Amino acid sequence: MIERYTLQRMKDVWEEENKFRKWLEIELLVMEAFSELKLIPKEDLEEIRKRASFSVERI
């Protein structure tokens, strides 16, 4: 995007940090569904939620 024509709200939507945060949210929802289907234990879901994080620099 051309910086001078970009509204801050739109820029925020397309930033790497936001993109990876949304992906993480989706992955956590998948894990929640797996837990409800008894594919993973509830305790594992809680542990995954506690440890789920990312760093754009590391990616």
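The numbers here are math on the coordinates, done by the rules we state, and not lab data. In this text, all values refer to a predicted model and were calculated from it rather than measured experimentally. Ideal geometry is used to build each Cβ from the backbone, glycine not excepted, and the neighbour counts take in all protein chains shown.
Rg and Dmax of the range 3-51 over Cα atoms: what are they, in angstrom?
15.8, 50
Starting with the highest mean, order 31-40, 45-54 by the number of other Cβ atoms within 10 Å, averaged over the residues of each peptide. Walk me through the intermediate numbers first.
On the way: 31-40: 12.9, 45-54: 11.3.
Those peptides, ordered most packed to least, come out 31-40, 45-54.
Size of the dipole of the chain about the Cα centre, Lys and Arg at +1 and Asp and Glu at -1 on the beta carbon, nothing else charged, in debye to 20? Walk me through the numbers on the way to the answer.
Values: 12 positive and 14 negative charges, 36 e Å.
Dipole size: approximately 180 debye.
Select from Trp23, Tyr5, Ile40 the residue farthest towards the positive end of the dipole of the chain; place +1 on Cβ of Lys and Arg, -1 on Cβ of Asp and Glu, and compute about the Cα centre.
Most positive-ward Cα: Tyr5.
For the chain, please report how many Lys pairs fall under 19 Å Cα to Cα, leaving out neighbours fewer than 8 apart on the same chain. The partial results should precede the final answer.
Values: Lys11/Lys19; Lys11/Lys22; Lys22/Lys50; Lys42/Lys50.
Eligible lysine pairs with Cα atoms under 19 Å apart amount to 4.
Across the range 26-43, in residue order, what do the Karplus-derived ³J(HN,Hα) couplings come to in whole Hz, using 6.51 cos²θ - 1.76 cosθ + 1.60 with θ = phi - 60° and x for Gly and Pro?
5, 4, 5, 5, 5, 4, 4, 4, 4, 5, 5, 7, 6, 7, 9, x, 4, 5
Amide H neighbours of Ile40 under 5 Å, counting only residues 5+ apart in sequence or on other chains, H built in-plane at 1.01 Å?
Those lying under 5 Å, H to H, from Ile40 are Ser35.
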